[in-house]
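Each reported figure results from applying straightforward, stated rules to the coordinates on display, with no laboratory input. This is a predicted model, so every value here is computed, not measured. Glycine also receives a Cβ, built like all others from the backbone with ideal geometry; neighbour counts cover every protein chain displayed.
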Amino acid sequence: MSGFAPYVPPEQLMKDRSDYARKGIARGKSVVALEYLDGILFLAENPSATLHKISEIYDRIGFAGVGKYSEFEELRIAGVQHADGRGFIYGREDVRAKALANAYSQYLSTVFTQANKPYEVEILVGELGESDSSGNELYHVLFDGSVTDEHGYVGIGGHAEELTEFLKAAYAEGWDLATSVKQAVAALSAVEDREVPPAQLEAAVIERERKGGRKFRRLSDTEIGSLLTSK
C-alpha cells in the first residue's frame, strides 16, 4: 500500500544508527588524553592548522572531538555558551565538567533516538583539579549519549579500544609533559601502523601552574618537536 513506511523493529533501527555513526567516526583521526604531573594533555593527529579538534571550554575545562567536524564544533560552541551562562548566573567555580558532560549526554541521546540521523561524533570533556591530580575529571561522551568517567588516560575515535589498551600497558602516574607527549604520539603511531609526523600533531594542555584563571594552552609545532626529542 502506498503512503506507508515499512516497519523496522526498534532494535534494528538502533543498530543501524549505531553502525552509521561509528562508520563516520572511524573516518576521522583519533584523540588521546593523558593526565600528567602538572595537568592534562590532549593530543591528536590533525593536518589542519585552523580546524581544531581540541579547544578550551572554560577556565579549567578542555574539549576534544572526533568524527564530523561541523557536528563536534557545534557541540563545542554550545558548551562554551552553557559554561559562560552558568558562570555568569552562579559563579565561575560552579562551572564543572561533570554538568557539561551530562548536558552533552542528554542532547546526544535525544538526537540519537529522535532525529533523522545521529551525530557522527565522540567527545572528551576534561577538567583540571584545583590543587592536584586527584581532582582531575575526564568524561568520554559517545554519539548515543553514553558517558563514561575515565581516569589517567583515554583514547577516542575509530581506534579508541586499541589506543586505550596501548595506554593501559604503558601509563604510569607522575609522568612529566615530555613523557606524556612521547607516549601519546607512540600510541597514535602504533594504531595507525606508521609514524605520525610532529607537523601533523595538534596538542594542548590544561596546566596547573599557568598563571591567571585560564589554564588552557596550545602547544606549538616547535614545542611539540622539542618535547619529542628531549631526553
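A few notes on this one:
- The amide H of LYS29, built 1.01 Å from its N in the peptide plane, has GLY67 as neighbours under 5 Å, considering only residues 5 or more places off or on other chains.
- Between GLU74 and ARG210, the contour length at 0.36 nm per residue exceeds the Cα-Cα span by 46.2 nm.
- Computed from label points 7 Å out along Cα-Cβ, the spacing between LEU51 and GLU195 is 2.7 nm.
- Translational diffusion of region 106-152, µm² s⁻¹ [Kirkwood Rh, Cα pairs; Stokes-Einstein; 37 °C; 0.692 mPa s]: 279
- If the Kirkwood radius is taken over C-alpha pairs of region 1-87, then at 37 °C and 0.692 mPa s the Stokes-Einstein diffusion coefficient equals 207 µm²/s.
- The 3J(HN,Hα) values that the Karplus relation (6.51, -1.76, 1.60; θ = phi - 60°) gives for region 34-44 are, in residue order, 9, 7, 10, 3, 10, x, 10, 9, 10, 9, 8 Hz. Gly and Pro appear as x.
- Helix-only [θ]222 nm of the chain, DSSP H runs n ≥ 4, -39500 (n - 2.57) each, per residue, nearest 500: -13000 deg cm²/dmol
- Pairs beyond 24 Å (Cα-Cα), from LYS15/LYS168; LYS53/LYS98; LYS29/LYS117; LYS15/LYS68: LYS15/LYS168
- Between LYS23 and SER134, the C-beta separation translates, for a Förster distance of 41 Å, into a calculated FRET efficiency of about 0.60.
- Working note: Cα gyration tensor of region 27-229, eigenvalues times five, square-rooted, sorted largest first, giving semi-axes of 24, 21, 15 Å.
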